1. Using a ≥ b ≥ c from the Cα gyration tensor of segment B:2-260 (square roots of the eigenvalues), is it rounded, prolate or oblate, where a/c under 1.5 gives rounded and otherwise the larger of a/b and b/c decides, a/b for prolate?
2. With an 8 Å Cα cut-off and a minimum separation of 6 or more residues, compute the relative contact order for chain A in percent.
3. If you take the square roots of the eigenvalues of the alpha-carbon gyration tensor of segment B:140-292 and sort them as a ≥ b ≥ c, do you get rounded (a/c under 1.5), prolate (a/b over b/c) or oblate?
4. Using a Gaussian network for chain A with springs between C-alpha atoms less than 10 Å apart, which of these wobbles most: A:77, A:22, A:87?
5. Report, as an integer, the average count of C-beta atoms from other chains found within 10 Å of each Cβ along A:27-34.
6. Would you mind calculating the gained length between residue B:152 and residue B:42 on full extension (0.36 nm times residue separation, minus the Cα-Cα distance), in nm to one decimal?
7. Name the shape class, rounded, prolate or oblate, that the alpha-carbon gyration tensor gives for chain A, where a ≥ b ≥ c are the square roots of its eigenvalues, rounded holds for a/c under 1.5, and otherwise prolate holds if a/b is larger than b/c and oblate otherwise.
8. Output the relative contact order of segment B:241-358, whole-number percent, from Cα pairs under 8 angstrom with separation of 6+ residues.
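Derivation of every value follows stated rules applied to the coordinates shown; laboratory data play no part. Just so you know, these numbers come straight off a predicted model, no measurement behind them. Virtual Cβ from ideal backbone geometry, glycine too; neighbours counted across all protein chains shown.
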Amino acid sequence: MERLQRAAVLFVLNEELRKAGSWAGETHMQKATFFLQELMGVLLAFDFVLYKHGPFSFDLRDELTFMRAHGFFQLESQYPYGPTLVSGPKAELLQTAFREPIKRYIPEIRFVANRLGGKTVASLERTATALYIALREPAITDRVQRLINLKPHIPLPDAKEAVSEIEQIVRDLSDQKHVRQAS
Amino acid sequence: MGEIRDPIHVFVALRPDEERIIGSRAFQRLRHIHQLALTYLVYPGATHRRFEHCLGVMEVASRIYDVVTNPQNIYHDSVREIVPRAKGNFRAHEYWGQVLRCAALCHDLGHLPFSHAAEKELLPEGWDHERLSQEIINGKEFESLWKGLKIQPEDVVKLAIGQKKSKLVFSEWETILSEIIIGDVFGADRIDYLLRDSYHAGVSYGRFDHYRLIDTLRILPVSGKDSQEPSLGIERGGLESAEALLWARYFMYTQLYFHPTRRIYDMHLMEFLREWLPNGVFSTEIDEHIALSDNEVNAAMWKAAVNSKEKGHTSAKRIISREHFRQVYEPSSTDQLKALEPAKKVYEGLVAEFGVDQVRRDTYAQKGGSYDFPVYTKAAEIDSSLALSKTLSQVPTFSIDRVYVSVTDRSGSERWIEEHKDEALTRANT
């Protein structure tokens, strides 16, 4: 995917997260992009590693900064909350140029935004790490224990809930695909 | 314990065995790698080398480690859990302190001649200076050094290279230690290079109160995000020094690191190296890497500049004789709103008119995230720096997009821009 087209996908993801009730800061964008790329298969070519608050891409961090530098996003800070990414002065130019090419990704973007939009950072951290384990370490059977080993500050009940939630999301996604194929 | 005099930190203290690292060929080579590539052609004082920078990073990292692991500076149980000294594990505290110092010393061993200039274009796919540093740290020359110090080279690699490049899984503690060296906001690397580059180049923009900054650094749970994951943050009393550091970084980018003439010299240097190096790339064999410094490249450039039969003659002459390309376009704020990439359109127009050999485009956007870090307030609460600071969210995100042309085509290009720019930018949106 060409760089500016990818920026347009991230811009729409941010908008959809916001519509779904998200604060849409950088951490929210990191986790939502991880889901979009790794679970939904949208080829964004970001390299994710396990870092602070779960899966994290340094390339994506740089890309969000690139988007701020070019006026597609700007940071807005509202006490007492952290910063949020909002539309910048050149956002309209980006949207106009790529509205058509990125239409095909809208269903995937909305699926992710609706699932993650209402989550806090701590909840996103747990859920995204649970997805990371499920996808990157499929051989591990006790995913709850693995999650706690990786993130010792996560309480056991929260870890269990995160692992179950990922199993549910994967089931829902599979059902949706079957429905789409049948119709 | 030995000491080395340093213009920035006054003294850099050395522990036994660290002198053996400094005495290694790989480290001594850093005496011959300019910290700021060819910047000395624009700022004559900027002739300092990676050698003293690495010593400085070790000194700063060590000072930060002493402050943030001091039990009196730890306020949360979740942090106490991960800091060995806070749990009374003094052996682990000593061990990681030594690993941190060695990683800070070794973090730049893999730098190519003239530091960052053209690294991406002149190394084979999958290689960068961090990977070369990793190979050196894991290599034969250092094996006995690590044994003498009783530390694992993998731990040194982790802290020196960081998670982004090493792709290894880090514990929370290792993440914090790596942040102390190469962290995006308060890393010792950044603290040292801003102060040192500013001092040598003779520009005061890079200065800030680093004593206050270091004294107020703390390991804190992340603010306002209801997560307990620890991160490097600061006490409220040090917030202004952190603001000064981050503004210093912005000013150093605009005034020094991305000075238009300095950047075009980097491009000419890359073009020279592409012609001069065997197969157009640097060797990743460690012995060959260590054998090549700025000295050899400089000697070759001087020779090539006066002999048209030598490889890289044209680029070398542009550098040595100061016949570098001249900047003719950088988008105004008005042009920025006319097209997605205005400089690209002007570049394409000039290439069509004057030929690709006569025109260059230099584009770069700042890397790293926003300046959001936890701050421990006087009310013993943790807040986001961006919520507390009135200025941090105002630090501009730095980017450039410039077009340069050869000296001979300068006036013709300026005329072309005057006559055709608006049309080129309008066409971009249709």
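1. On the way: a/c = 1.59, a/b = 1.17, b/c = 1.36.
Oblate, since a/c reaches 1.5 and b/c is not below a/b.
2. On the way: 202 pairs, mean separation 44.0, N = 183.
So the answer I get is 24 percent.
3. Values: a/c = 2.18, a/b = 1.19, b/c = 1.84.
In terms of gyration-tensor shape, oblate.
4. Per the Cα network of chain A with a 10 Å cutoff, A:77 tops the list.
5. Numbers: counts 5, 0, 0, 1, 0, 0, 0, 0.
Taking all residues of A:27-34 together, the mean is 1.
6. Working: separation 110, 0.36 × 110 = 39.60 nm, distance 4.23 nm.
Contour length minus Cα-Cα distance gives 35.4 nm.
7. Working: a/c = 1.92, a/b = 1.34, b/c = 1.43.
Oblate shape, in that a/c is at least 1.5 and b/c is the bigger or equal ratio.
8. Values: 78 pairs, mean separation 24.8, N = 118.
Computed value for segment B:241-358: 21 percent relative contact order.
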